[in-house]
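Please treat every number below as a calculation from the coordinates, not as lab data. Predicted model, so just to flag it, every value in this text is computed and none were measured. Reconstructed Cβ throughout: ideal geometry from the backbone, glycine too, with neighbour counts over all protein chains shown.
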Amino acid sequence: MLVLRNPNGLSYAVMVLLAGNIVFDVLLGAIELRFLLTDVTTDYFDPAVFGALDLNVAYSMAYTLFVATGIVFIVWFHRLRKNAEVWAGDLQSRKPGWAIGGWFIPIGNLWIPRGIAADIWRASRWQPYAADGTRELTLLNGWWTVWVASVIGDRIASQLYKRAETLEAYVTASYWSLGGYALDIVAAVLAVLFVRRLTSMQHAKATGMIPAAQ
């Protein structure tokens, strides 16, 4: 038997965690920018220890928060996918388990969750079988595009850091990293808006269905 489950509490947790990620992105970006703008990088550059005193603890905390955010987000996402099954199961192109597993498939995770999110969105609106409205999926597409760009940017920065052996190479990696932080911040803001909007859609629809269900 398919049963609706309230996603509100999870959505609040996701939004708070995303806000925390924004704070750390700003902090880490500021730390790297400080080093880029001071003479320390020129006079005392050492790839092995550059910024270690400031960054190691911050990176550890940021990574822990990132993992926690990912876990709670996926739990929220899966709950909304299960609710979508109640309203329009035939519109869902993938089984509910994909709302979890799809995030862990290399390369595939760059588009599979987006497709699932679009299916959930359609099931959550008042008229699931209606054609998509003009710019209806703009928020979803905007968030997803920026998020994918941030993932790619972060990976490029990480590889550049690993290969950096000179000051110039390290500075180049830092600029890529700063760009990644900027994209991460935009993606997190759009994610908050997406989580809030989709949760609100499901809450409104579930509330409206209560009298009929009874």
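For residue 82, a cut-off of 21 angstrom between C-alpha atoms picks up these lysines, skipping any fewer than 8 places away in its own chain: 95, 205. For the options 64, 134, 145, a Gaussian network treatment of the chain with springs between C-alpha atoms closer than 10 Å singles out 134 as fluctuating the most.
In the elastic network of the chain, a GNM with C-alpha springs shorter than 10 Å, the most mobile of 188, 131, 88 is 131.
With a simple spin-label model that places each label point 7 Å from the Cα along the Cα-to-Cβ direction, the separation between residue 127 and residue 6 comes to 3.1 nm. Highest mobility in the GNM of the chain, judged by mean-square fluctuation with C-alpha springs under 10 Å and restricted to 25, 90, 184, is found for 90. The residues 154, 132, 119, when put in order of fewest to most other Cβ atoms within 10 Å, stand as 132, 154, 119. Normalised by the number of residues in the stretch 117-214, what is the relative contact order in percent for Cα pairs under 8 Å and 6+ residues apart? 35 percent. Count Lys and Arg as plus one, Asp and Glu as minus one, and take only other residues whose Cβ is under 12 Å from that of residue 204; the net charge is then +3. Output the relative contact order of the chain, whole-number percent, from Cα pairs under 8 angstrom with separation of 6+ residues. Normalised by residue count, the contact order of the chain is 31 percent. Relative contact order of the stretch 54-142, please, whole-number percent, based on alpha carbon pairs below 8 angstrom and at least 6 residues apart. Relative contact order here is 26 percent. Cα gyration tensor of the stretch 65-116, axes a ≥ b ≥ c as square roots of the eigenvalues: rounded (a/c below 1.5), prolate (a/b > b/c) or oblate? It is oblate, given that a/c is not under 1.5 and a/b is not larger than b/c. Does anyone have the angle between helix 112-124 and the longest principal axis of the chain? Alpha-carbon axes, 0 to 90°, nearest 10? The angle comes out at about 40 degrees. You can think of it this way: the chain between residue 137 and residue 175 has 10.5 nm of extra reach, that is 0.36 nm per residue less the Cα-Cα gap. For the stretch 146-188 and the stretch 102-119, what is the separation of their C-alpha centers, rounded to whole Å? Here the answer is 23 Å between Cα centres.
Axis of helix 138-163 versus longest Cα principal axis of the chain: the two differ by about 30°, to the nearest ten degrees. Rounded if a/c is under 1.5, else prolate if a/b is larger than b/c, else oblate: which is the stretch 103-146, with a ≥ b ≥ c the root eigenvalues of its Cα gyration tensor? In terms of gyration-tensor shape, oblate. Does the stretch 48-151 come out rounded, prolate or oblate by the C-alpha gyration tensor, with a ≥ b ≥ c the root eigenvalues, rounded set by a/c under 1.5 and, if not, prolate when a/b is larger than b/c and oblate if not? Judged from the Cα gyration tensor, the stretch 48-151 comes out prolate (a/c at least 1.5, a/b above b/c). Charged side chains reduced to their Cβ positions (Lys and Arg at +1, Asp and Glu at -1) give the stretch 8-206 a dipole of some 1180 debye around its Cα centre. Computing Kirkwood radius over Cα pairs in Å directly from the structure and comparing it against (1) 18.2; (2) 19.0; (3) 17.3 singles out (2). The angle separating the long axis of helix 8-36 from the principal Cα axis of greatest extent in the chain is about 20 degrees.
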